[in-house]
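The values are calculated or read from the model by the stated rules, or taken from the named source; none is laboratory data. Just so it is clear, the structure is predicted and the values come from calculations on it, not from any experiment. A quick note on method: Cβ atoms are made from the backbone with ideal geometry, for glycine too, and the neighbour counts reach across all protein chains shown. Remember, those area values only see protein heavy atoms, side chains included, never the ligands or the DNA or RNA. Shrake-Rupley method; radii C 1.70, N 1.55, O 1.52, S 1.80 Å.
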Amino acid sequence: QNEDKWDFVLVSDIHEMGSEKEIKRKKFLDELSKKGFTIKKIEDTKLFYGVRAPQHIFWKYQCLLTNPDSRQQNSSAQQDVPVTTRIRVVHFILQNTVTSDLEKLHDLMKKKVFEAAFPLHKKEEITGILKKKWARWRVLFKEQPIEEIRCYFGEKVALYFAWLGWYTYLLIFAALAGLATVAAGAIVFSSSQVSKEICDANNTIMCPLCDQNCSFWVLSDTCTYAKVTHMIDNEATVVFAIFMAIWATVFLELWKRERATVATSWDVYGWDEEEEELALQLINNPQHEPRRYQHSYFRSTIVLILAVLMIMVLIGIAHALVIYRAVAVALFTQSEVNLLSKHADTIAVMTGAVLHYLTIIIMTKVRSHQGPWALLPFLEKPRTFSQRENNFTVKIFIFQFFTNFSSLIYIAFFLGRINGHPGHYVRIAGHWRLEECHPSGCITDLFIQMAVIMLLKQTISNIMEYLIPWISHQLRKKKKRPKKRSMMLGEEEEAEDPCKKQWLKNYELNEVNVFSLFNEYLEMVIQYSFTTIFVAAFPLAPLLALINNVIEIHMDAIKMMRLRRRMVPRKAKDIGIWLQVLEAIGTLAVIGNGLVIAITSDFIPVQVYKYMYSPCTRQNHTSMDCSTGYINNSLSVFHIRDFEPHTKVLPEFNGVRIKEYRDYRNADDYTYTIQFWHIFAARLAFLILFEHVALCVKLIAAWYIPDVPQKVKNQILREKHINLCKEL
C-alpha cells in the first residue's frame, strides 16, 4: 500500500532517444535518484514519472525544526509527517535540485523538457469530506470545514478561507446597515423638500446641456432623478459612512483575534518562515550558503519610476473615459432618437460605466500576463519567495486599485466642478464641453457607476471565472484521453496499473501556479475596497458583496477540488501583507467617505443654507421646513447675450434674456458669491471634523479590542513555563 503513495508526478513529452531534451530529463531524474528518491515511469501519450522522497528527508526536517509535525525523534517519526508537509518538502527539493548543466526544474519546464509537475488529488477520507461538506452548491449556507481544508491544502489556503468566511459573516451587519440607509431614504422618497422644489419648478428655465441646437429645459423635467438622488443623499448617509469606518476597524480587529486563536490551535503562532526555508535548503544541500538580504537605492528608484509610469497610464485611461462621456453627452443630446436626447446624461454615465468595466477586464488581463512586473524580481532581488510575493502584492494592488477607482475618483470629486460656467465653459480640444452635475447633485452619477461595475463584476466576471476553468477541463479531458491501442503481449499489466488512471485524471485538471491564491485574495481585497471606500454613495455595496461571497467561497472550493490540480500546500501563520493592505483601505475608507459627503453630496450646501440663508434665520417659523427655497438659492442667473459666439440658441428663446444654471455666482460679472466661500469653508471644516472623529473612533476600537485573546496569551505563557521547567 505504501508503494502507491507518490508525492509528486512529473509529466514529459516522449522525446527521441539521444535528443537534447531526453538527455536533460535523464540528468534531472538521475540527480533525484542520487538523493534517494524512488521514481516510477508510466508511458502513455505522455511520459509520467511518479516521485517519492526517502523517509530520512522527513526525519531531518523534524530534527531541524521544532514544529507541529514533530513527534519522538526516532525511526518511526516519519509516519507522523502530514501529507501537506511531505508535499511541501518534496516540492522544495524538486524546485531546487540542480543538474550538472546548472539547470533547475523551472529552467527545464521553460525549455519544454518537462511539461508539468504536480502533487496528486487522491481518493482519501478527507477528499470525500471536502467534496461533501465544502466543494458543492448544496452546502451554500453551511459552515466551512476549515480544519479539513488545512489538512488537505495547508495553512495558507485554510487561512484564506477562514478570513473570507469571517469577512462574509461580518458583512451581514454592514449589509443590514446599508439596507436601513436605503430604506430611510425610500421613506422620504417623495417628501423631501429639495426634491419637491425641483418637481414644482415649472417656471425655472435652465441653460442648454450642449452648444448646438439644444433647447433650454424646465427644471421640473428632472423630478424623478431628484427624488432618486435624495434617496441616496440624506442625513442617514452620514451616519452610515461613520458606521462603515468603524465596521472596517472592528472587522480587522476581530479578524486578528480569530487568526491568533486559529494559529495557536494549529501550533503555528510562533512559526518562522525564514527558519523553515533555511532548514529546507540544508536538507536539499548540506553545503548551502544562505542568500543574503540586499537593498539598492538605485534599483528602488527605477521600480518607483516604473510604478509611477504605470499609474500615469491608468490616469490617462481615466481621462479617456472622461472624454468619451463629454463627447457622448454632446452626441446623445443632438440625437433624433427621443430616448437618447431626453436622457443623454444618464445614458452617457451608464455606457461610461460599462466602458470602465471593460478597461478593468483588459488591464487585469494585461497584469496577469506579467508584462513589466516580470522585471521587478530582477530589479529588487528579494531574498525569499515570501518577500517576493509581498513586493509583488503591494505593486499589483496599487495597479488594480487605480484601474478600478481612477474613473470613480473623477466622478466623485471633479465632475461638475471643473467645467466652468455658461459663456465660459471648459472644453476638451476647444470643442466638447465637460459634463455638468444635475441640479440635485453628482452623487447619483457615482451611485450608477458603482452599481454598474459591481453588478457586472459579480455576474459576468464570476460566471467567466467558473465557466472558463470548467470548459478548459472538459477540453483537456477530451484532448488528453489516451487512444485505445491494440494490446500486445506483456503490455496488459501496464495498462491496468492503478496509478495510471489516477495520474491521467490529475493531469487532465487545469494547471495551478504560485499566484493562484494571490488572485483570489486580490479579487476579494478589491471588492472590500468597493464595499468601504465610496460606500456613502452606494449603500447597497455590502449587500452585493455578501451575496457574491456566499457564492464565491463554494465556487473557489469547487475549482480547487474538482477543476484544478492540487495546490502545493504552504505553511503560514497569518494572511501576510494583505492585512496591511486591508488596514490601508480602512484609512482610505475614512478619507473617501468624508470627501464624498463633503464634496460629492449636497449635504453641506443644504446645511449651510438652512442655518445661514433660509427663511428660518430671518423669522421664527417652527412649522416651516428650513430647506425651503434651497433650489432657487443654489441656481445662478445667466444673460443669454453672454453666450459664446458659436452657441446656437433655438429661435423661440431669442427674445428671452435670463436663464439659470447650478452654481453660486454673481449675475453681473459671474464671479463667486460670498455663499460659495461659506460653503467651501463648511465643506473643509466638515471634512477635517469627520476624518478626525472617524479616525479617533477607529483608534479607540483598535485599542478596545485586543489583537490576541487572553486565552491564547495564557496558553502560550503556560507552554513556555512547562518547557522551561523541563529544561531546568
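Quick rundown of the values:
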{"read-out": "Principal-axis tilt of helix 83-96 within the chain, Cα atoms, nearest 10 degrees", "value": "90"}
{"read-out": "Estimated FRET transfer efficiency (Glu115, Leu278; beta-carbon r; R0 35 Å; 0.05)", "value": "0.65"}
{"read-out": "The chain, accessible surface, carbon-and-sulfur percent (1.4 angstrom probe)", "value": "61"}
{"read-out": "Between helix 344-368 and the chain: long-axis angle, C-alpha atoms, 0 to 90°, nearest 10", "value": "20"}
{"read-out": "Förster-model FRET efficiency, 56 Å R0, Ile39 and Trp470, C-beta, rounded to 0.05", "value": "0.95"}
{"read-out": "Gain in span if fully extended, Ser190 to Ser215, counting 0.36 nm per residue against the direct Cα distance", "value": "6.2 nm"}
{"read-out": "Within-11-Å neighbourhood charge of Val90 [Cβ basis; K, R +1; D, E -1]", "value": "+3"}
{"read-out": "Between region 104-182 and region 313-347, the alpha-carbon center distance in angstrom", "value": "42"}
{"read-out": "For the chain, alpha-carbon Rg over 2.2 N^0.38 Å", "value": "1.18"}
{"read-out": "Listed residues Arg433, Arg259 arranged by accessible area, highest first, probe 1.4 Å", "value": "Arg259, Arg433"}
{"read-out": "Two-site label geometry, Lys27 and Ala681: point separation in nm, points 7 Å out along Cα→Cβ", "value": "7.9"}
{"read-out": "Area of Ser220 that stays accessible when all protein chains are in place (1.4 Å probe, Å², to 10)", "value": "20"}
{"read-out": "Ser100 accessible area, 1.4 Å probe, all protein chains in place, Å² to nearest 10", "value": "80"}
{"read-out": "Folded to 0 to 90 degrees: helix 498-507 orientation relative to the chain principal axis, Cα", "value": "30"}
{"read-out": "Additional length obtainable on full extension of the chain from Lys133 to Asn519, 0.36 nm per residue less Cα span", "value": "136.6 nm"}
{"read-out": "Helix-only mean residue ellipticity at 222 nm for the chain, each DSSP H run of n ≥ 4 adding -39500 (n - 2.57), per residue, nearest 500", "value": "-19000 deg cm²/dmol"}
{"read-out": "Subset of Lys131/Lys720; Lys500/Lys559; Lys60/Lys131; Lys27/Lys60; Lys35/Lys110 violating a 31 Å alpha-carbon distance limit", "value": "Lys131/Lys720; Lys60/Lys131"}
{"read-out": "For region 528-550 and region 222-259, distance of Cα centres in Å", "value": "9"}
{"read-out": "Coil-residue trypsin sites (Lys or Arg not before Pro) of region 122-210, DSSP, other Cβ within 10 Å capped at 13", "value": "Lys123, Lys142"}
{"read-out": "Label-point separation in nm, Gln55 to Lys478, each point 7 Å along Cα→Cβ", "value": "4.8"}
{"read-out": "For the chain: accessible area per residue (Å², 1.4 Å)", "value": "49"}
{"read-out": "Label-point gap, in nm, between Ile323 and Ile305 - each point 7 angstrom along Cα→Cβ", "value": "2.7"}
{"read-out": "When the convex hull of its Cα atoms is projected in every direction, mean area for region 8-120 (nm²)", "value": "7.5"}
{"read-out": "Segment Cys696-Gln95, length gained on full extension (0.36 nm per residue, minus Cα span)", "value": "211.5 nm"}
{"read-out": "Between region 583-642 and region 37-57, the Cα center-to-center distance that results, in Å", "value": "73"}
{"read-out": "Residue-level accessible surface for Tyr169, protein heavy atoms, 1.4 Å, Å²", "value": "120"}
